[in-house]
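Please read the structure below before turning to the comments.
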């Protein structure tokens, strides 16, 4: 399946919400080799990221990323991505085979400036209602995330330049959603990125994973998705 090699350069817009969640509640989603960063007694920082990458991007697609915790590994700080959904099969393949991310296909419905809903077939994963940003400023930001591919623990950086603004939002996660158990609740902060230019670099191996990763659904490039795609040929 064709997909661009890293780095991926993407242009579009995004909404990100930040949440405080219970460390004990999200611990089963995090490999034991990784320490969860406590930002408040018993709490870590979680996030929901919804984006659409359009013209000028190496691939055009929408994306939903669920980050249940901020983590630390050998003094390296980054996000752990437990769930990630896109509406482009090439993005699924590239995300899995380059970055070891558990990407799945889903459907996105956007009403610009009002809401976005994400479904997998008849199952609604989440909905986000949001307001237009009022005060906005141009901002450069960088962050890192961890992932795993086979026994390798990976880390990769991302850089973004966008017009950033604070917004109000309301997140709805049905009980049957795969990530409802994280306990995200309502955001304590929501931001909207307009005129966004994002660069995601190739990952580097920073450590080795134990056998406990199998319970997290971590996979290598010979994933179930890849097997299904080959079966269609």
* Project the alpha carbons of region 1-129 onto their principal axes and report the range along each, largest first, in whole Å. => 42, 34, 26
* Structure fact -> Between residue 186 and residue 159, the FRET efficiency computed from the C-beta separation at R0 = 22 Å comes out, to the nearest 0.05, as 0.15
* Asked: Once you sort the root eigenvalues of the Cα gyration tensor of the chain as a ≥ b ≥ c, which label holds: rounded (a/c under 1.5), prolate (a/b larger than b/c) or oblate (the other case)?
  -> rounded
* Structure fact -> Place a point 7 Å from the Cα of residue 176 in the direction of its beta carbon; the residues of region 107-122 whose amide N falls under 16 Å from it are 107, 118-122
* Structure fact -> Helix-only [θ] at 222 nm, the chain, -39500 (n - 2.57) per DSSP H run of 4+, per residue, nearest 500, equals -3000 deg cm²/dmol
* Quick one, can you get me the convex hull of the C-alpha atoms of region 41-98 expressed as volume per residue in Å³? => 109
* GNM result for the chain, Cα springs below 10 Å: residue of 175, 148, 14 fluctuating most strongly -> 175
* To do: Sort region 74-154 into rounded, prolate or oblate with this rule: let a ≥ b ≥ c be the square roots of the eigenvalues of the Cα gyration tensor; rounded if a/c is under 1.5, and if a/c is not under 1.5, prolate when a/b is larger than b/c, oblate otherwise.
  => oblate
* Asked: Given the Cα-Cα distance of residue 143 and residue 9 and 0.36 nm per residue of separation, how much length would full extension add, in nm?
  -> 46.7 nm
* To do: Go through 164-172, 190-198 and give me the packing order, highest mean Cβ count within 10 Å leading.
  => 190-198, 164-172
* Structure fact -> So, relative contact order of the chain in percent, Cα under 8 Å, 6 or more apart, is 23
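Quick note: the coordinates plus some simple rules give every number you see, no bench work behind them. Since we're looking at a predicted model, the values are computed, not measured. Here Cβ is always computed from backbone atoms with ideal geometry, including for glycine, and neighbour counts include all displayed protein chains.
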